[in-house]
């Protein structure tokens, strides 16, 4: 089924394009302790984690015969 493979591939590309745009334009998770120390983590790490899980399931469903 080439059509199924095509749309699975397009979906995976769209997922990772979204991760790219979040990485470029996204904000950071920041926290401050009582002593005034700051911690900053880019939000793209969380998005990429879920994109990885989603890519695995889309590829499993879309590319199996």
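The values are calculated or read from the model by the stated rules, or taken from the named source; none is laboratory data. These numbers were taken from a predicted model, which means no experiment stands behind them. Neighbour counts are summed over all protein chains in view; Cβ atoms, including those assigned to glycine, are modelled from backbone coordinates with ideal geometry.
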Query - Qualifying residue in the stretch 3-19 (condition: at pLDDT below 95, out of contact with any helix residue (DSSP H, G or I) (no Cβ under 6 Å at 6 or more places or on another chain) and part of a loop (DSSP other than H, G, I, E, B)) - result: no
Query raised in the report: Any chance the stretch 35-53 includes a residue that's assigned to a strand (DSSP E or B), at negative phi and surrounded by 13 or more Cβ atoms within 10 Å (Cβ to Cβ)?
Result: yes
Query raised in the report: List pairs: first in the stretch 7-27 and over 17 Å from residue 60 (Cβ atoms), second in a helix (DSSP H, G or I), Cβ under 6 Å, 6+ apart or cross-chain?
Result: 19/47; 19/48; 19/51; 22/44; 22/47; 23/44; 26/44
